[in-house]
Amino acid sequence: MNDANAAWLASLSAAILVYYHMTDWRIAAGGTLLGLAVGAGVASLTYPGELHYALPMEQYVVISFSYLMGLMLGFSSANLRRARLINMLSTMGVMAHELRTPLATVNLMGDVLAGLATSDLPENKRKRLDELGQRLQNLVRGMNRLIDTQISNAQLMRLPRESSLIDAKALVSEVVSQYPYKTSRERECVAVTIQENFAFSGSRPLFAQVLTNLVKNALHSLAATSKVIEPGDLRVDVGLHHGKGRIAISDEGMGIPHDRQQRIFEPFFSTQSGAGSGLGLTFCRNVVEAARGHISVHSEPNLGAVFIIDLPVRHPTE
């Protein structure tokens with residue numbers, strides 16, 4: 001404490017304010033009190049009987065003022081972040097709903113083309129119409145999945161509580177087979193390995209969006225590389241690990257810089273410059289944690305990344 005001089009008092013006050021500014025106010029409040037208690041305890045053990053904690057009244061006033069200002073700073077920052085998140089996501093939800101009308105028209109066009117492909121036309125024309133119809137329907141399916149994800153993002157603060165028993169193998173197979181790939185090469189690069197199947201509790205539609213988002217990010221990372229993607233460059237593995245169910249999505253893409261890996265699950269933080277809202281992985285984390293699971297990432301720059309979802313295993317009889 002430097003005999004409780006002015007330098008110590010200024011340093012302590014500044015440290016309190018910086019702590020509240022750099023982290024969540026709840027963590028800062030608990031951390032400050034715990035730090036003071038631990039510091040006092042260690043000092044008492046190190047210098048028994050030699051310390052005196054009586055300070056001049058003006059120093060108590062300064063410290064109390066710094067602590068209250070830190071609390072106010074924390075509350076203000078939290079409210080601003082919450083308001084920004086709610087306003088942005090509400091706007092995204094409205095826009096997502098508005099997009100469904102033109103998509104319904106495009107889907108009807110795909111149905112018309114699919115119908116024409118069955119009519120009495122030359123084989124090459126029927127094949128061409130069938131391909132166009134499938135591409136339109138895949139486009140609509142992909143956009144609807146994106147819209148569903150954005151609507152769920154708009155409800156990040158209040159994810160639905162419904163829960164059902166989900167078969168991991170069936171979920172992964174459905175997502176991979178129905179994903180709207182841009183090219184046949186993209187489709188062929190995805191390899192699914194079922195080492196051991198398991199079941200878990202959660203919202204099936206939300207977990208389908210989680211896997212869709214992770215597959216989309218992996219394909220984007222692969223596309224950002226200069227190499228031609230090959231079969232197996234994107235792998236989805238299902239198995240068990242230390243008694244928990246595990247779904248791992250790994251790719252041979254660009255990877256994630258080490259200094260960004262700790263922040264990728266934060267709202268509005270994106271590793272894709274100029275692309276993405278920075279909410280997809282936040283949504284994934286919230287859905288997984290709502291099912292009492294855990295999602296993590298391991299990556300090396302230019303060597304790819306793997307996203308791991310660990311979930312409590314449930315049995316049909318439970």
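Coordinate-derived values only; no laboratory data. What you are looking at is a predicted structure, and each value in this text was computed from that prediction instead of being measured. We place every Cβ from the backbone using ideal geometry, glycine too, and count neighbours over all the protein chains shown.
Miscellaneous remarks
- Inter-site label distance for Ser296 and Leu34 at 7 Å from Cα along Cβ, in nm: 2.0
- Extension gain for the segment Asp167 to Ala104, taken as residue separation times 0.36 nm less the Cα-Cα distance, is 19.6 nm to one decimal.
- Straight Cα distances below 16 angstrom link Lys182 to the lysines Lys216, with same-chain residues fewer than 8 positions distant left out.
- With a simple spin-label model that places each label point 7 Å from the Cα along the Cα-to-Cβ direction, the separation between Leu132 and Leu303 comes to 4.8 nm.
- Projected label distance in nm at Glu289 and Val192, using a 7 Å step from Cα toward the beta-carbon: 2.9
- Nearest-0.05 FRET efficiency for His258 and Ala10, computed from C-beta distance (R0 22 Å): 0.05
- Here the gap between Ile27 and His220, fully extended at 0.36 nm per residue and compared with their Cα-Cα distance, gives a gain of 65.9 nm.
- Descending by average beta-carbon neighbour count within 10 Å, the peptides 184-191, 201-208 line up as 201-208, 184-191, the highest first.
- In Hz, Karplus ³J(HN,Hα) per residue of the range 252-262 (6.51, -1.76, 1.60; θ = phi - 60°; x = Gly, Pro): 9, x, 6, x, 10, x, 4, 6, 9, 5, 6
- Close amide-amide hydrogen proximity is noted between Gly245 and Leu311, Val313, each under 5 Å apart and 5 or more residues distant or on a separate chain (H modeled in the peptide plane; Pro and chain starts excluded).
- Environment charge at Glu131 (Cβ cut-off 13 Å; Lys +1, Arg +1, Asp -1, Glu -1): +3
- With R₀ set to 30 Å, the beta-carbon distance separating Val42 from Met72 gives a calculated FRET efficiency near 0.50.
- Gained length - Phe65 relative to Asp120, 0.36 nm times residue gap less alpha-carbon distance: 11.4 nm
- When you count the other C-beta atoms within 10 angstrom of each residue and take the mean per peptide, 133-141, 217-225 line up highest first as 217-225, 133-141.
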